[in-house]
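In what follows, a structure is listed as structure tokens, so that the remarks can point back to it.
The values are calculated or read from the model by the stated rules, or taken from the named source; none is laboratory data. Note that the coordinates shown come from a computational prediction; the quantities given were computed from them, not determined experimentally. With ideal geometry, Cβ positions are generated from the backbone for all residues, glycine too; neighbour counts draw on all protein chains shown.
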Amino acid sequence: MDRYIGCGPASILPYLPETIGEYTGVDMNPAYIEYAEKRWKDRRHCRFFCRRVEDIEILQKGYYDIVLAIGVLHHLDDEEAILLFDIASQVLKLGGTLITYDNVNVANQHWFARWLISKDRGKAVRTVEGYKRLGAPYFPEMEGEVLNDTLRIPYTILVMKCTKRNSAVRQVISHPLSLQKSGKHDSSSSIK
């Protein structure tokens, strides 16, 4: 039985099988957690916590199969995003997967998509390479796809699948961005 981490208002739950082993929702917005608790009170094996990424002490290491970060990374500065990748790598089992879904800036992007993304509340929208650079020390095996057709209007999304292959990957101290907050991001548009 799979064990998931995710949250916001837990809108993903209707799309997950009733038979999942466990769903743990973590979000810093109390309104999202309150909504999720009310909406999903009858769903078995669901628990919700109102916490910031750096305050997550309730998660067991090497326990979860899937971590969902849907629309999260573009709201986190580089240090917070690095912390999310670090925590995900710690709580995932070997072979476990972090899935991210975020706005992205790419070359030759439709002008309306770029304008609309610039109006998003998340002020840390990056390029593909910018997202990849943050997670690579924790997930050297990353796959990703840029999607341009998820909405009825021009919009650009990056979906990344980051798989934990061994527990010796952690490079917290030597992460190239751990002490840097430059705000500059690379301009690549694919993940290899």
Name the strands (runs of 3 or more DSSP E) wholly within segment 1-91 that hold at least 2 residues that are at pLDDT below 90?
3-6, 22-27, 46-50
Check Leu13, Leu73 and return the single one that is under 27 Å from Pro140 (Cβ atoms), surrounded by 14 or more Cβ atoms within 10 Å (Cβ to Cβ) and within 17 Å of the chain's Cα centre (by Cα).
Leu73
Of the candidates Asp120, Asp149, the one satisfying the condition of being surrounded by fewer than 20 Cβ atoms within 10 Å (Cβ to Cβ), without any contact (Cβ under 8 Å) to a residue 12 or more places away in the chain and assigned to a loop (DSSP other than H, G, I, E, B) is Asp149
Considering (1) within 22 Å of Ala88 (Cβ to Cβ); (2) surrounded by fewer than 15 Cβ atoms within 10 Å (Cβ to Cβ), say which one Glu34 fails and leave the rest.
(1)
Suppose the filter is closer than 22 Å to Lys164 by Cβ, surrounded by fewer than 18 Cβ atoms within 10 Å (Cβ to Cβ) and acidic (Asp, Glu); does Glu18 pass it?
no
Within segment 123-146, restricting attention to residues that are farther than 24 Å from Cys7 by Cβ and touching a residue at least 12 places away in the same chain (Cβ under 8 Å), which residue is surrounded by the most Cβ atoms within 10 Å (Cβ to Cβ)?
Val128
